[in-house]
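Take a look at the structure below.
The values are calculated or read from the model by the stated rules, or taken from the named source; none is laboratory data. Fair warning: this is a prediction, and the values are worked out from it, not measured in the lab. Here the Cβ positions follow ideal geometry from the backbone for every residue, glycine too, while neighbour counts run over all protein chains shown. Side chains are part of the model used for accessible areas, which takes the heavy atoms of the whole protein and leaves out ligands, DNA and RNA. Shrake-Rupley method; radii C 1.70, N 1.55, O 1.52, S 1.80 Å.
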Amino acid sequence: MTADTIPADTVVNVPDAPGKRSSLGNILTITKREVSGYFASPVAYVFIVIFLLLAGFFTFMVSDFFDRGQASLVMFFAWHPWLYLFLVPAVGMRMWSEERRLGTIELLLTMPVTPWQAIVGKFLASWIVLILALALTFPLVITVNYLGNPDNGIIVAGYVGSVLLSGAYLSIAAMTSAMTRNQVVSFILSVVLCLFLILAGWPPVTDLLVHWANPWFVQAISAFSVMAHFDAIQKGVLDSRDLLYFISVIVFCLFTTSVILRTHRAG
Amino acid sequence: MIEVQNLTKAFGAKLAVNDISFTVQRGQVLGFLGPNGAGKTTTMRMITGFIPPTAGDVVVGGFNIERDPIAAKRLIGYLPENAPSYTDMTVRGFLNFAAELRGFRGAEKTRAVERVVEMCFLGSVLHQSVETLSKGFRHRTCFAQSIIHDPAVLILDEPTDGLDPNQKHEVRTLIRQMGEKKAIIFSTHILEEVEAVCSRAIIIDSGKIVANGTPAELKQKSTLAGAVTVRFANGDPASMKSKLSALSSGERLTILSEAPTAARIYPKNNGARGELAAEIGQLAARENWQIEELHTEEGRLDEVFRTITLPETAPRKS
């Protein structure tokens, strides 16, 4: 310390006076950049096309959409937990690992933004890409409405459930991508974690568990699963507990992301 | 503007930065020197708030970087090591993004971007994606990002690394100009750069400050400082040698070449500058030796740097 007194130039006029920038503004700036990043590379296009192709294939070819003679999208949504299992980690794997690989994380986190704004901004951007792909399945809704009289309330609930499900998977992918600069590692880790969330409540697995574990234990495990909550919403019941489940998975994983990022920076 | 107090960073058991303190005022350019792995980048990352210190404080413009990070970060422009940028964006898109995060909107944003595009000569690549740019342009794009909000404090980690000589010159000129109004810290391996740009230099080694002063002060530490180098066109080497080593204000003599004789004479004390040179001049006049060259050495930074940071292999006094 050479200067004992506070230098006269301590107070500085900067173009962005404190308080002028809202945190929402920062989040939106980051989200905008990330979304344009997805569309500047083939990632978004490849994802959307493959999602639509696979969704169509499973709905029409595997599930015999037409032969069932029902005007509903149950067979469309039933595949989403499996479809998202690979596609969502593929979209989310670059979220933080790319920042770490390029070193841009150092730029981003030394800007006047909080880590939370960056985490939420990036998460929203990837979610928007997923929601966009899902929205492009609207011809299915038109088709069933043309062919019969479906319960559109259930269809809306189905879409809400699907959006929440993709958000939950995506938050897991965000978390694993913060762990490593290697996108492949990030992808595999998040697929495994998402698979666990599916299998924990998937009837073939729970049926197996019942044989040797206490029923309360099986129930506790399956409460962690996305399946029970996703199925409940697919039935057209928007129960606050199911909504709370997905929201808590997202909040928990994003919180863990912030912890991982901070730990990584602290060295 | 920048106050660093007892800053320490430990990675596990290893102390990367060990109890560093210094201040930089507005109008000062501080050169940060040190061998690779000395802790330069770690120190800069702590000053910019990228990594938290293990102990100690950083205060930028009155704001503590840990307690008031957003207010402090607003004042700082930062060029990280290797000048990272989003490779999938165009130069304009990237600068717009930086300007928005810095709080610019609408016409203000356009003006801010145009200003740095002009300063960093990016006009020709504005619509190219960063991916397709040469290293020099990438570097300048990231540099442009760091000055987009005309920050009061500028932290530059190896700003001239990987640039060609012309680009190096441009960047140095820019730093010198901006240094009149800002507080700047920059790290470098290139010692001429320190002399060309800095008002003060700090040498750190193994996480500790080992020298701190103006470039001229640091050069004074060189064993060469104050020595007189002289070259003659004629004269008998043997008698020259004996007469030169008998000079009253000289201590040691090194013969650089014989016939024609060139020699370096080291002074007894550093205080009397010019005394030794004057004495040599008088001697030459008496003996009728023709002087081709005569100058007093200022000392060399690279020698100081080596002596300080590599004590065990320091050059022997010849």
For region A:17-103, averaging the sequence separation of alpha carbon pairs under 8 Å that lie six or more residues apart and dividing by its residue count, the contact order in percent is 27
For chain A, the per residue accessible area (1.4 Å probe, Å²) is 47
Surface/4 estimate of mean projected area, convex hull on alpha-carbon atoms of region A:93-133, nm²:
3.0
Accessible surface of chain B, 1.4 Å probe, proportion on carbon and sulfur as whole %
49
Residues with amide H under 5 Å of residue B:54's amide H, sequence separation 5 or more or different chain, H placed in the peptide plane at 1.01 Å from N; which?
B:8, B:9, B:10
Expressed in angstrom and rounded, the centroid-to-centroid distance over alpha carbons for region B:1-38 and region A:175-224 is 46
At a probe radius of 1.4 Å, figure out the B/A buried accessible area, summed over both chains, and give it in Å² to the nearest 100.
4000
Per the Kirkwood definition applied to all pairs of different Cα atoms, how many angstroms is the hydrodynamic radius of region B:228-297?
11.7
Going by a 1.4 Å probe on protein heavy atoms, which residues of region B:80-97 end up with at least 50 Å² less accessible surface in the whole assembly than in their chain alone?
B:84, B:86, B:88, B:97
If I build a Gaussian network model for chain B, linking alpha-carbon pairs within less than 10 angstrom, which residue out of B:64, B:166, B:36 has the largest mean-square fluctuation?
B:166
Rounded if a/c is under 1.5, else prolate if a/b is larger than b/c, else oblate: which is region B:78-198, with a ≥ b ≥ c the root eigenvalues of its Cα gyration tensor?
oblate
Once Lys and Arg are counted +1 and Asp and Glu -1 for all other residues with Cβ under 15 Å from that of residue A:235, the total becomes -3
What residues in region B:52-74 lose 20 Å² or more of accessible surface when the other protein chains are added to their chain alone (1.4 Å probe)?
B:52, B:61, B:70, B:73, B:74
Round to the nearest 10 and give me the degree value, 0 to 90, for the angle of helix A:43-56's Cα axis relative to the longest principal axis of chain A.
10
How big is the dipole moment of chain B about its Cα centre under a simple scheme where the beta carbon of each Lys and Arg is +1, that of each Asp and Glu is -1, and everything else is neutral? Debye, nearest 20, please.
460
Solvent-accessible area per residue for region B:66-115 (1.4 angstrom probe, square angstrom):
36
In short, region A:98-139 residues buried by 40 Å² or more of accessible area relative to the isolated chain (1.4 Å probe) are A:102, A:104, A:106, A:107, A:110, A:111, A:112
Within the under-11-Å Cβ sphere about residue A:101, not counting residue A:101, Lys/Arg +1 and Asp/Glu -1 give a net charge of +1
What accessible area, in Å² to the nearest ten, does a 1.4 Å probe give for residue B:158?
20
Ignoring any ligand, DNA or RNA, what whole percent of the accessible area of region A:138-253 comes from carbon and sulfur when the probe is 1.4 angstrom?
74
Would you work out if region A:24-266 is rounded, prolate or oblate? Take a ≥ b ≥ c from the square roots of the eigenvalues of the alpha-carbon gyration tensor; rounded if a/c is under 1.5, else prolate when a/b is larger than b/c, oblate otherwise.
oblate
Per residue of region B:214-224, what does 6.51 cos²θ - 1.76 cosθ + 1.60 with θ = phi - 60° give for ³J(HN,Hα)? Whole Hz please, x for Gly and Pro, Karplus curve as stated.
6, x, 5, 5, 5, 5, 4, 6, 5, 5, 6
For q = 0.09, 0.14 Å⁻¹, Debye-computed log10 I/I(0) when each Cα of chain B counts as one equal scatterer:
-0.59, -1.02
The protein assembly as shown: equivalent-ellipsoid semi-axes (sqrt of 5 x gyration tensor eigenvalues, Cα, Å)
67, 23, 21
Count the net charge of all other residues whose Cβ sits under 12 Å from the Cβ of residue A:125, scoring Lys and Arg as +1 and Asp and Glu as -1.
+3
Among the listed pairs B:9/B:221; B:109/B:168; B:135/B:168; B:40/B:208; B:73/B:182, give every one whose C-alpha distance is greater than 19 Å.
B:9/B:221; B:109/B:168
Could you report region B:228-297's accessible area per residue, 1.4 Å probe, as an integer in Å²?
54
How would region A:53-134 be classified by its alpha-carbon gyration tensor: rounded, prolate or oblate, with rounded meaning a/c under 1.5 and the a/b versus b/c comparison settling the rest?
prolate
